[in-house]
1. Give the residue that is farthest from the chain's Cα centre (by Cα), with candidates limited to residues of the stretch 432-456 that are in a helix (DSSP H, G or I) and at pLDDT 85 or above.
2. Could you list, in sequence order, the residues of the stretch 217-244 that are closer than 17 Å to residue 300 by Cα and assigned to a strand (DSSP E or B)?
3. Can you find, within the stretch 66-101, the residue that is farthest from residue 47 (Cα to Cα) among those that are of a type in the set (Val, Ile, Thr) and at pLDDT below 75?
4. If a residue must be surrounded by fewer than 18 Cβ atoms within 10 Å (Cβ to Cβ) and of a type outside the set (Val, Ile, Thr), how many such residues does the stretch 556-576 contain?
5. Could you tell me which residue of the stretch 146-159 is surrounded by the most Cβ atoms within 10 Å (Cβ to Cβ), considering only residues that are touching a Ser or Thr at 6+ places or on another chain (Cβ under 6 Å) and closer than 19 Å to residue 115 by Cα?
6. On the given criteria, is residue 375 among the polar types (S, T, N, Q), at pLDDT 75 or above and not in a helix (DSSP H, G or I)?
7. Please state which one of 243, 233, 296 is within 27 Å of residue 323 (Cβ to Cβ) and touching a residue at least 24 places away in the same chain (Cβ under 8 Å).
8. Hey, any hits in the stretch 482-489 for a residue that's closer than 24 Å to residue 437 by Cα, more than 42 Å from the chain's Cα centre (by Cα) and modelled with pLDDT under 75?
Amino acid sequence: MQQFRRAFQTPEGRLTLGLCALIVLLLGTYGGVLIAEKQRELREDAELRALEMAHGLSLIGATAVLENLFVVQEALASRAGRDPDILSLLVMDRDRRVIASDNPLQIGKILADSASQRAEAGGTEFTLEQKDAQGRDTLVAFEPLRSDGKLQGWIRVDLSLERAWREAYGTLWKQLLVTVCVLVVALYVFLKMVRRLKAALHTSEEKYRQLWETSTDAVIFMDTDRRIRFANPAVRDVFGYAPEEVIGRDIAILQPERLREAHRNGVARYLQTGMKKLNWRATEFVGLRKDGTEVPIEIAFGDMEMDGKRWFVGFMRDVTERKKAEEALRQSEERLRQSQKMEAIGKLAGGVAHDFNNLLTAITGYSELLLSQMSPDSRERKNAEEIRKAAFRAASLTHQLLAFSRRQMLTSKVLNLNAAVMDLEPMLRRLIGEDIVLRIVPGPALGQVQADPSQIEQIILNLVVNARDAMPKGGTLTIETANVDLDEAYADRHETFRSGPYVLVAVSDTGCGMDVRTRSHIFEPFFTTKEPGKGTGLGLATVYGIVKQSDGYVWVYSEPGHGATFKVYLPRLTHEPDKGSAEVERVMPPPGTETILLVEDEEVVRALVGDILRGNGYKVLIAGQSKEAFRISGQYEGPIHLLVADVVMPGMSGREVAERLASSRPRMKVLYISGYTDDAMVRHGVQAEGMAFLQKPFTPAALLRKVRDVLGGATQTAPEAASR
């Protein structure tokens, strides 16, 4: 019984039970209508028979009937015997007295039933349905007997309806049986179809549930009040919210404040138009994550009607990575176009320089001949000397064109760049003037390079002149050399670079700096930001050409108002390595256990440095900006032994972060890192004796050695450095 009850508690069981109840109700209604109709037909038939029988007797005439009662009685008995439905046939006078009957026992009785009383009251034929003394359903028919127009009596016929009713019910049950059989078969087919539809619906629901739950796109249903009513799990990945956190809330939470009013007005205008079937495909807008960061979103949007209500449904995808990939592709294509343009211009410049040299040879030769034939005090001699000077200047320009086009003949030698820079120092000081401070920082144990000495001098001179022109009101110019090792990570971030050992020559200034647009064109030939007549636009293009011809790389770091640093990387010779330096490179510092607070705004560098330090045993607290660093420091209860801070960051520099933290953590030491050279950090307030600085790019070993040196050496703490 319990199993039977459980079967009907299922949705399918309840449906079957409901259908059975409906069938029973329909069958009952149908049976009632059918039996009523059948009874009506049989009653009408019985009524017609009774009236015909009574009318037939009345045709004899009232006088004949009354004068031949015996004969009439015999006829009545004979007629009643032939019809099993006839209960009685009789003739009664106006006083309701039976004067003839198929049942002799009734003769002489006065009938007092309702039918006889009605006959006494009227003179027309009629029928009446009533129950007899035995409780049987009977139909009584009265036919008047008249003589000379006067009522003499009545002929009464009583018919039983029992057989008619039995026939009606028999017909009913037969029809009901057939109907039940048909309904049972129909129910079976229906339930089988229901099971199939249910299975198909379950499959469809499971399919869409899987799509709903596994979709990487955030799917949101919004009503006309801009309230989110449904959201799939991908909302967490795209916007940082759990689905239950956004359901019931205004969709404005997924939009930056500046866009909310426009979106609200747009939805209102659309609803007022009465338009249907909104269809937006691949429309981009700015979304707002739970943590407050803005992300580019691609959305496909439409509207629909469901349960009598209008809904907006949106499929939203975070396209941050795609944007990054598109930007990387754009930059790569731009670099390719730039490289192709530089190559094309280089070929043109090389060809022009070659032909121009032939012309200059003639001009220079003939000017020398003219000068040899003129007396020292000749008035025309001055004109000839000007021609020669112009030729020399043109030759210098040709030399730059050849350097830029990388088509000049190089005389490569093994060089020490420290010696090359020191040899140029007197000339450089005269070149930059007295209002600019020149600082030369030679790197220790500097490796050697294979290059043309004159071209190296050309590189340094051009970079120094460029730095001088960026500081018209004076400043500090720093030339620094160092051994650097570019790893694969650095090469991946700078696609034109290859990893390996290099010698770095960095020329930094404290001038006006450059914006992104200027930086993207500085190595193009004839591009200059100087006034007309004050620059050829070939200085940095020449540097680029010489460096590339020497298998090196040149990179620039600059921001408006923060000066610029040009870094030239030339391949370092490794066939005669410095043994002392190599030994230091191979010795890895011991693991540490101290706590380090890392503040770096560049995500890639931040992750890299954090992994390196953690991998060597340090506990690392990571912050992407100054506010986050202050919060972490305030919440962390243990000691923080070292602050590793980037020098140039949005909002607040690394020096300012160190000064703010010095009051609460006076024993914390500081290590600054930057893509600028260390002596170029003067303008950022980190140039002081005892301050530790590590130049980017650096190898993991270099970072760990520097950290170990700061933690265990004599590097000053933050407050001591800040006081300088």
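The values are calculated or read from the model by the stated rules, or taken from the named source; none is laboratory data. Values in this document were obtained by computation on a predicted structure and should not be read as measured data. Note that each Cβ is placed from the backbone with ideal geometry, even for glycine, and that neighbours are counted across all protein chains shown.
1. First, pick out the residues of the stretch 432-456 that are in a helix (DSSP H, G or I): 432, 453-456.
Going one step further and asking which of them are at pLDDT 85 or above, we end up with 432, 456.
Numbers: 432: 56, 456: 53 Å.
Ranking the candidates gives 432 first.
2. Filtering the stretch 217-244 for residues closer than 17 Å to residue 300 by Cα gives 217-223, 226, 228, 230-232, 234-235, 238-239.
Listed by number, the residues that qualify are 218, 219, 220, 221, 222, 223, 228, 230, 231.
3. We begin by selecting, within the stretch 66-101, every residue of a type in the set (Val, Ile, Thr); these are 71-72, 86, 91, 98-99.
When the remaining residues are screened for being at pLDDT below 75, the result is 71-72.
Numbers: 71: 26, 72: 22 Å.
If we take residues in the stretch 66-101 being of a type in the set (Val, Ile, Thr) and at pLDDT below 75, then 71 is farthest from residue 47 (Cα to Cα).
4. 6
5. Initially, the stretch 146-159 is screened for residues touching a Ser or Thr at 6+ places or on another chain (Cβ under 6 Å), giving 147, 155, 158.
With closer than 19 Å to residue 115 by Cα added as a condition, the list becomes 155, 158.
Values: 155: 26, 158: 21.
Filtering the stretch 146-159 for residues that are touching a Ser or Thr at 6+ places or on another chain (Cβ under 6 Å) and closer than 19 Å to residue 115 by Cα, the one surrounded by the most Cβ atoms within 10 Å (Cβ to Cβ) comes out as 155.
6. Numbers: among the polar types (S, T, N, Q): yes; at pLDDT 75 or above: yes; not in a helix (DSSP H, G or I): yes.
Yes.
7. On the way: 243 fails: touching a residue at least 24 places away in the same chain (Cβ under 8 Å); 233 fails: touching a residue at least 24 places away in the same chain (Cβ under 8 Å).
Just one listed residue meets the conditions, 296.
8. Of all residues in the stretch 482-489, those closer than 24 Å to residue 437 by Cα come to 482.
Of the ones still in play, those that are also more than 42 Å from the chain's Cα centre (by Cα) are 482.
Then keep just the ones that are modelled with pLDDT under 75; that gives none.
The answer is no, given that none of the residues of the stretch 482-489 is closer than 24 Å to residue 437 by Cα, more than 42 Å from the chain's Cα centre (by Cα) and modelled with pLDDT under 75.
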